[in-house]
Amino acid sequence: MYSFDYQRPTDRAAATAAMKGDARYLAGGQSLVQAMKLRLSSSERLVDLSGVAELKGIKVDASNVVIGSMTTHAAVAASAEVQRAIPALAELAGGIADQMVRNMGTLGGSIANADPAACYPAALLGLGATVTTNQRSIPAERFFTGLYETALQPGELITAVSFPIPQKAAYVKFKQPASRFALVGVFVSQGAGGVKVAVTGAKSTVFRVKAIEDALTASFTPEAAKAVKVLSTDINGDMHGSAEYRAAMISVMASRAVSAALSR
């Protein structure tokens, strides 16, 4: 690991003021610290957000679940309010990695890292969420821009994510057994904004599948989702599964997600 300056501010103003030069925010550190240990990443300064209390917490109203960016996966999974409003979101958080990672990893850190196989990006896209920063609001559709890339500008701080409450929703993933990242993960929702189907683990970034959305709009059934053939164009292929295999699994996972959504 390269040497760096470490700062731990206690409020948002101090956190953003510390972002000068070659600096990076440190959230849960579950990805960044490991990359730094391997010397795959380096910064002159790390600004640790764990002391900023205003970035933590969960608020629920009649229409939305708003989660602070420094809220841990474990806190989302354990929240009775999230379990009542969007049970699929609580279940997703509870299925991330292992308990140690869930106790440290945060919503904001996960989406800022934009790992192509992470679970939270599927929830953002699958629920039509909005990312709030210290500068603006960014719809999920415009937030994830590529492999480990987002619409965030240098020094921009994620403060919260707002998830619209759907009528029905579920997330199902086919896990890589060691990492518990998604080889293919599908988040399906039906709500005021229509049907959304978001996929993680299958391309360089999270994406929606219009063909399955159209099929489920016509008939919100497992059979309708499973009948859609997803093309393998641009789908990832590696030692864990070919592009053709992952493409086929998208329809299967979507079908299972619809079954789970209907069973609630």
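The values are calculated or read from the model by the stated rules, or taken from the named source; none is laboratory data. Everything quoted here is computed from the prediction, not taken from an experiment. Cβ coordinates were reconstructed from backbone atoms using ideal geometry, including for glycine residues, and neighbour counts include every protein chain displayed.
Side notes on the structure shown:
- Any hit, the stretch 229-245, residues being of a type in the set (A, V, I, L, M, F, W, C), at pLDDT 95 or above, closer than 23 Å to Glu91 by Cβ and not in a loop (DSSP other than H, G, I, E, B): no
- Of all the criteria given as (1) charged (D, E, K, R); (2) within 21 Å of Val76 (Cα to Cα); (3) under 15 Å from the mean Cα position of the chain (by Cα), the one not satisfied by Glu141 is (2).
- Lone unmet requirement of (1) part of a helix (DSSP H, G or I); (2) more than 30 Å from Gln190 (Cβ to Cβ); (3) of a type in the set (S, T, N, Q) for Thr10: (1)
- Among residues of the stretch 77-96 that are in contact (Cβ under 8 Å) with a residue 40 or more places away in the chain, those with a beta-carbon under 7 Å from a residue that is surrounded by fewer than 23 Cβ atoms within 10 Å (Cβ to Cβ) and in a helix (DSSP H, G or I) at least six positions away or on a different chain give the pairs Ile96/Arg102.
- If only residues of the stretch 7-50 that are under 14 Å from Gly108 (Cα atoms) and among the hydroxyl-bearing types (Ser, Thr, Tyr) are counted, the one that is surrounded by the fewest Cβ atoms within 10 Å (Cβ to Cβ) is Ser50.
- Inspection of the stretch 196-210 finds no residue satisfying the criterion of being surrounded by fewer than 18 Cβ atoms within 10 Å (Cβ to Cβ), over 30 Å from Gly21 (Cβ atoms), small (Gly, Ala, Ser) and touching a strand residue (DSSP E or B) at 6+ places or on another chain (Cβ under 8 Å).
- Some residue of the stretch 243-253 being outside the structural domain of Thr150 (by TED's automatic domain parsing), under 21 Å from Phe143 (Cα atoms), surrounded by fewer than 23 Cβ atoms within 10 Å (Cβ to Cβ) and in contact with a Lys or Arg (Cβ under 8 Å, 6 or more places away or on another chain): no
- Output for the stretch 67-82, where each listed residue is over 22 Å from Phe181 (Cα atoms) and either modelled with pLDDT under 95 or surrounded by fewer than 18 Cβ atoms within 10 Å (Cβ to Cβ) (or both): Ala80, Glu81
- Residue match in the stretch 178-196 (condition: of a type outside the set (Gly, Ala, Ser), touching a helix residue (DSSP H, G or I) at 6+ places or on another chain (Cβ under 9 Å) and either at pLDDT below 95 or not assigned by TED's automatic domain parsing to the domain that holds Asn236 (or both)): yes
- Count of the stretch 83-115 residues which are buried (at least 20 other Cβ atoms within 10 Å of the Cβ) and in a loop (DSSP other than H, G, I, E, B): 4
- Residue within the stretch 139-148 that is of a type in the set (Val, Ile, Thr), surrounded by fewer than 19 Cβ atoms within 10 Å (Cβ to Cβ), modelled with pLDDT of 95 or more and within 18 Å of Ile111 (Cα to Cα) present: yes
- In the stretch 152-172 there is no residue that is basic (Lys, Arg), out of contact with any helix residue (DSSP H, G or I) (no Cβ under 6 Å at 6 or more places or on another chain) and modelled with pLDDT of 95 or more.
- Scan of the stretch 98-137 for residues that are of a type outside the set (A, V, I, L, M, F, W, C), farther than 18 Å from Leu26 by Cβ and touching a Lys or Arg at 6+ places or on another chain (Cβ under 8 Å), ordered by number: Asp98, Pro116, Gly126, Gly128
- Checking each residue in the stretch 140-158 for being in a loop (DSSP other than H, G, I, E, B) and in contact (Cβ under 8 Å) with a residue 40 or more places away in the chain picks out Leu147, Leu152, Pro154, Gly155, Leu157.
- Tallying residues that are closer than 30 Å to Glu54 by Cα and assigned to a strand (DSSP E or B) within the stretch 159-190 yields 11.
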